[in-house]
Every structure is written in structure tokens, then in C-alpha cells.
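Undergrad: Pasting a structure here, questions to come.
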Amino acid sequence: MSKWLDNAIFYEIYPQSFCDTNADGIGDFNGIIKKLGYIKELGCNAIWLNPCFKSPFGDAGYDVSDYYTAAPRYGTNEDLKRLFCEAHKLGIHVLLDLVPGHTSSEHEWFKESMKATPNAYTDRYVWTDSIWEEPQGMGCIRGISERDGSCAVNFFSHQPALNYGFYKPDRPWQQSMEDDGPKATLEELKNIMRFWLKMGCDGFRVDMAGSLVKNDDNGKGTIKLWQNIREFLDREFPDAAMVSEWGEPDKSLQGGFHMDFLLHFGPSHYNDLFRCEEPFFSGRGEGDISEFVKKYMENYEKSEQKGLICIPSGNHDMDRLARSIHGDELKIAFAFLLSMPGAPFIYYGDEIGMRYIENHVSVEGGYNRTGSRSPMQWDSSVNAGFSAAPKDMLYIRQDEAPDRPTAEAQINDRDSLLNEIKKLITIRQSVPSLQSNGKITFLYAEKNAYPFAYLRSNEAEKILVILNPSHNEASFSCQYIPKEAIYTFGKAVSYENGIITMPGGSAGFYRI
Ligand code: GLC
Ligand code: CA
């Protein structure tokens, strides 16, 4: 694993909504380059850039129509290359978003694949051999091709599934992983990775990484496929960093990914933290952290030494963090996010508590996700400094509340969320046991109870983390005595006769 992942802190950029420099109402590469200093200043040293390739944007770019060309609305390949270079000058690594499972139905490969005459792309996608048979358990595209067959889709109905084979084919049209079509798709995927890695990107966030091989037996085929890619990377690009949208670290890390996300779907109980009726990090104090911790430990034990479990503040698919928690609750949530193992991921705008925008009509396949994708609020100038275009030209309507948070105002306010996060990042970067690979031991994570406490450690040091998002003071019995405080928020902790008491709305990291 690349050394830089040891203390990587990622910032996720949704390019559409970050910064527009040519007043067309949509973010662009030059805008990202312009704001690299801001990201650096915040303390992040890596970026995950959402898809920025040619696309009809029926799913915000997760419907690629040309993997080798940047979407003109963001700039050119040269601009993207310059983004890599400028980021590197600041010590910032850049991961691109790789969408290996499907393309847009407008991709040239798919147009070729729809033809009745066999050609090099006939087996690029998963097709049945008759229009009257649909692939089971998957949606499909049917009735628009000259070719007799139905093509499986991976997500929306305009995203045909690329063919990596079936783990155990049981219909004549199902190919095995070893067949020529699936093998050619895999080689093409390597070509795409090679192309961007050579240009200077530092690795990939992989979309729906667990979905490639069909009829898979518990991920076995897909794990094997990623192991094959791992060998290729080890040979040609040993420093490339890979993070999967999979949500099952026991599988993805075995496949050779360095990192996997906890997600709002799947078995992780991630939603218990910030996105359920009674989130643990709400001041109401009605939440439950215990199930999350139980699942986390299961994954942690299975994945230790192999790679990192990454907890995002949010992403372009989930509700904004600030939809269900606010004010000090957000600060305590970040004290958690920035003191857990693995590489933290901050979704653009979460550092200023950007809000979920209610009642948005879907933009580019966003549906309810559109409310989490509104343009960044930089300052008090027109369109919050996002774009000089007329307001009605903005790609997504912004938060229009008069008190909408902005980066500028928060930079100038010592007590802002942004400055709290900066402080937390500075501490994390100076205390190795708090970084990606420091061990974690949970000390107090009881059912329906507060506070939440854990130990981060390495051979040299032990840091006790205590978080009490609830409004009420809370105690637990602890064998460790909090000594030197390296971070505190809210009121001070007290210790008496083996009992630690944490006042409501407080957090602290202590050497013991
Ligand atoms: C992933 C992406 C999401 C996209 C989907 C299909 O979940 O994060 O935005 O719509 O895959 O590619
Ligand atoms: Ca623009």
C-alpha cells in the first residue's frame, strides 16, 4: 500500500458543483485548480473526483460514453492533466472515478454491440440470445437493437452491463469469466486505467466494484477479477491507490483494494450514525451506536492488515450530513470521523455544513440525490461565488436561504465548523496513532447509551477518544485516566474512582 495512505484525508469533489470559471453555470477543471489552495488549507491531501468523462449525463456522468476523453463541459484532457500537476505541487493526490460495470447506451461500443452482424463488441455487454428472454434478476434494454437479444443493465435502464462473465453460467448465452468476450472487457478496463495513470492520476474510486461478475457466488468471481487487476497494478503502477464502492471490506480488500467505504446501503449500520430517525450524533441522545460498532468490529477483524475501512461524511448519493444533525452536533460528528481508523472522506461542502436542498426536481438522474449536489457556497458574492452565470443558468439551484453557510464566512469565524475541522485535521496529522493504521479498541459503545469511547493506539502512544453528542452528561467506568488533553470541544471531562463523566455536547481526545 502506498505510504501516503497512512495519513490520507480525502475531499470528494462533484465537479459539476464545485467552481465554475467560464460562467456557463457548471463547475469545471479550472475551477477545481483555482480552489486547490482551499482544499490544502483545510488540511486534505487527497481528492476523489466524481466522473468527468464524456457522457450524456443521464446519471451525472456515471453513464460514460468515452472513457478516454474528458467531458468537454469540464475542460480537456490537457486541463485534467494540469489539475493532476497542480494538485501534486501541493502534495495532493487525485483519484478519478472509474465506472467499470456499465457504460451509457450511447457509447460506441454499445452501438456496435447492438448490430446483428458479429463484430469486436458483440460480447462486450451481457446479452441474452433472444429478445424473448430477459436476463434474470437484472433489468434490461430490449427492442431497440437490430440484434436479437436483451441486454442486461446494471443500474438505470440506459446503463448496459459490461460483460465480465458469469461465475457459473447456466444458460447458453451466459459466458464464463474465461471466455474471450469477458477477457477482452477486462483488458480494456486495464487500458483505461493505464491511460489515466500514465497521465498522472493517483488511482481510482471504483463505482459498484462488487457488481462485475454475474451470478457470482458470494463475490468469489468479482474478487478474482480484482485480484487480476491488482497484479497488473503491482506490475505497472505499484503506487496507484484503489478505493471501492463495495461496502463489504472483507471481500473488497481481499480483491486487492486498499480501501473500502462504509455506505448508506449494505450491512454496516452506517446510517445509525447520522442518517436515521434518531441518529447517534443527534443531541436528543436517543440514538444507538452499538450495532454500528458490532458490525465495524467484525469487518475490522477480518480486514486488519489488509486495508482500510473508510467512513465518509457523506457523498453524492446520500442526504447531506446537515439534513439531520446541526450546529455542535456536526462538530462532534467530525471529531468522530477524524479520529477513526481508515482514511476519512469529506464530501465537498460538508465542512461548512451545507444543507440538503429540499424539493428539487431531479437533475441529470439525481432524483432525491439532487438535494445533496447543489453548487458549493464560497462567499457572499453573486451565486455564492460559485459562478458568474445568471442565477437561472446554474446547473442545480443553490441553497437560497439568507443564512446559507459559506466558506469565506467560516474561514473568518474562529468558532465555525470549518475551523473545528481544520483543528481536528491538524491534530490527526500530528498524532500517528490517530491516522489510518492506528489500532482501535472500543471501550464504551453500549446499546442506547452515551457517551461513546475508544482507544486509538500504536506501539508508542495511546489516545482515549470520548464523544458525547447527547445534551445530557453521561458516564462510564474506565480503566484509563484521561491525562493530557490534545483536543477538546465543549465542557471538560471529569474522572473519579474509575468513572469518567463527559458533559453533554462535548468531545475530547486525551493521552492516558
Ligand atoms: C454508484 C454511484 C452513483 C451511480 C451508480 C451507478 O452508486 O455512486 O452515483 O448512480 O453507482 O453508476
Ligand atoms: Ca464552467
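Undergrad: What trypsin sites (Lys or Arg not before Pro) does region 398-433 have in DSSP loop regions with at most 10 other beta carbons within 10 Å?
TA: Numbers: sites: Arg414, Lys422, Lys423, Arg428; in loops: Arg414.
In loop regions of region 398-433 (DSSP not H, G, I, E or B), the sparsely surrounded trypsin sites (Lys or Arg not before Pro) are Arg414.
Undergrad: Provide the FRET efficiency to the nearest 0.05 for the Glu133-Lys302 pair, computing r from the beta carbons and using R0 = 51 Å.
TA: After rounding to 0.05, the efficiency reads 0.85.
Undergrad: Considering the zone a paramagnetic label at Gln429 would reach in this model (a point 7 Å from Cα along the Cα-to-Cβ line), which residues of region 18-59 have amide N under 17 Å from it?
TA: Under cut-off, by backbone N: 35-48.
Undergrad: Grab the eigenvalues of the alpha-carbon gyration tensor for the chain, scale each by 5, take roots, and send me the semi-axes largest first in whole angstrom.
TA: 40, 27, 21
Undergrad: Quick one: which of Lys35/Lys190; Lys295/Lys491; Lys3/Lys35; Lys422/Lys462 span more than 28 angstrom between C-alpha atoms?
TA: Lys35/Lys190; Lys295/Lys491
Undergrad: Work out the charge dipole of the chain with +1 on the Cβ of Lys and Arg and -1 on the Cβ of Asp and Glu about the Cα centre, then indicate which of Ile131, Ala46, Met393 is farthest towards its positive end.
TA: Among Ile131, Ala46, Met393, the one farthest towards the positive end of the dipole of the chain is Ala46.
Undergrad: Turning to a different aspect of this structure: State the Cα centre-to-centre distance between region 483-512 and region 458-474 in whole Å.
TA: Region 483-512 and region 458-474 have Cα centres spaced 7 Å from each other.
Undergrad: Counting other Cβ atoms within 10 Å, keep those with at most 16, restrict to DSSP loop, and tell me which GluC sites (Glu not before Pro) in region 404-490 are left.
TA: On the way: sites: Glu408, Glu420, Glu446, Glu459, Glu461, Glu473, Glu484; in loops: Glu446, Glu459, Glu461, Glu473, Glu484.
Answer in residue order: Glu446, Glu459, Glu461, Glu473, Glu484.
Undergrad: May I ask for the angle, rounded to the nearest 10°, between helix 417-430 and the longest principal axis of the chain, with both axes built from Cα atoms and the value confined to 0 to 90°?
TA: 90 degrees
Undergrad: For Ala184 and Asp403 in one chain, what is 0.36 nm times their gap in residues minus the Cα-Cα distance, to one decimal in nm?
TA: 73.5 nm
Undergrad: A further question on this structure: Projecting each Cα onto the charge dipole of region 287-412 (Lys/Arg +1, Asp/Glu -1 at the beta carbon, about the Cα centre), which of Ile352, Ala407, Ser290 comes out farthest on the positive side?
TA: Positive-end residue among those listed: Ser290.
Undergrad: Sticking with this one: Can you tell me which lysines have their Cα less than 17 Å from the Cα of Lys294? Leave out same-chain residues fewer than eight positions away.
TA: Lys302, Lys439, Lys447
Undergrad: Would you calculate the separation in nanometres between label points at Asp79 and Phe265, each defined as 7 Å from the Cα along the Cα-to-beta-carbon direction?
TA: The modelled label-to-label distance comes out at 3.1 nm.
Undergrad: Follow-up question, since we're still on this one. Beta carbons within 10 angstrom, averaged per residue: use that to sort the peptides 475-482, 71-78, 429-436, highest first.
TA: Order by mean packing, descending: 429-436, 71-78, 475-482.
Undergrad: Please work out how much length the chain gains when fully extended from Ala116 to Arg414, using 0.36 nm per residue of separation minus the C-alpha to C-alpha distance, in nm with one decimal. All intermediate terms of the calculation are to be shown ahead of the outcome.
TA: Numbers: separation 298, 0.36 × 298 = 107.28 nm, distance 6.56 nm.
Length gained between Ala116 and Arg414: 100.7 nm.
Undergrad: Let me spell out the model: positive unit charges on the Cβ of Lys and Arg, negative unit charges on the Cβ of Asp and Glu, origin at the Cα centre of region 212-309. What dipole size does that give, in debye rounded to 20? Numbers along the way, then the final one.
TA: Working: 12 positive and 19 negative charges, 57 e Å.
Result for region 212-309 is approximately 280 debye, rounded to the nearest 20.
Undergrad: Along the Cα→Cβ direction, 7 angstrom out, place labels at Arg171 and His326. What is the inter-label distance in nm?
TA: Between Arg171 and His326, the label points sit 5.1 nm apart.
Undergrad: So, with +1 on the Cβ of K and R and -1 on the Cβ of D and E, and no other charges, what is the size of the charge dipole of region 128-179 about its Cα centre, to the nearest 20 debye? Don't skip to the end; give the middle numbers.
TA: Values: 4 positive and 8 negative charges, 33 e Å.
So the magnitude is around 160 debye.
Undergrad: Report the label-to-label distance for Tyr68 and Gln479 in nanometres (one decimal), using points 7 Å from each Cα along the Cα→Cβ vector.
TA: Using points 7 Å along Cα→Cβ, the separation is 6.1 nm.
Undergrad: Toward the positive end of the charge dipole of the chain, about the Cα centre and with charges on Cβ (Lys, Arg +1; Asp, Glu -1), which of Ser324, Ala507, Asn299 goes farthest?
TA: With unit charges placed on the Cβ atoms, the residue in question is Ala507.
Undergrad: Let me ask another. Using Cα centres only, tell me the gap between region 3-34 and region 318-333 in whole Å.
TA: So the separation of the two Cα centres works out to 22 Å.
Undergrad: Another question about this same structure. For region 253-300 and region 369-388, compute the distance between their C-alpha centroids and round to whole Å.
TA: So the two Cα centres are separated by 29 Å.
Undergrad: Taking the Cα centre as origin and putting +1 on Lys and Arg beta-carbons and -1 on Asp and Glu beta-carbons, what dipole magnitude results for region 215-256, to the nearest 20 debye? Please list the in-between numbers first.
TA: Working: 5 positive and 9 negative charges, 22 e Å.
Computed about the Cα centre, the dipole is about 100 debye.
Undergrad: Hey, what do the phi angles of region 167-179 turn into as Karplus ³J(HN,Hα) couplings, whole Hz, using 6.51/-1.76/1.60 and θ = phi - 60°, x for Gly and Pro?
TA: The phi angles translate into 4, 10, x, 10, 10, x, 7, 7, 9, 8, 4, 8, 5 Hz.
Undergrad: Given a Förster distance of 45 Å, report the FRET efficiency between Glu231 and Ala492 from their Cβ-Cβ distance, rounded to the nearest 0.05.
TA: Efficiency, from the Cβ-Cβ distance: 0.30.
Undergrad: Roughly what % of DSSP beta bridges within region 88-212 run antiparallel, to the nearest 5?
TA: In region 88-212, approximately 55 percent of DSSP beta bridges are antiparallel ones.
Undergrad: Please give me, ordered by residue number, the chymotrypsin sites (Phe, Trp or Tyr not before Pro) of region 202-276 that lie in loop per DSSP and have at most 15 other Cβ atoms within 10 Å.
TA: Within region 202-276, the qualifying chymotrypsin sites (Phe, Trp or Tyr not before Pro) (loop, at most 15 other Cβ atoms within 10 Å) are Phe265.
Undergrad: Please list, in order, the residues from region 335-349 whose amide nitrogen is less than 20 Å from a point placed 7 Å along the Cα→Cβ vector of Ala460.
TA: Counting only backbone N, you get 339-343.
All of the numbers you see were taken from the coordinates with simple rules; none came from a lab. Everything numeric in this text was worked out from a predicted model, so none of it was measured. Every residue, glycine among them, receives a Cβ derived from its backbone with ideal geometry; neighbour counts consider all protein chains shown.
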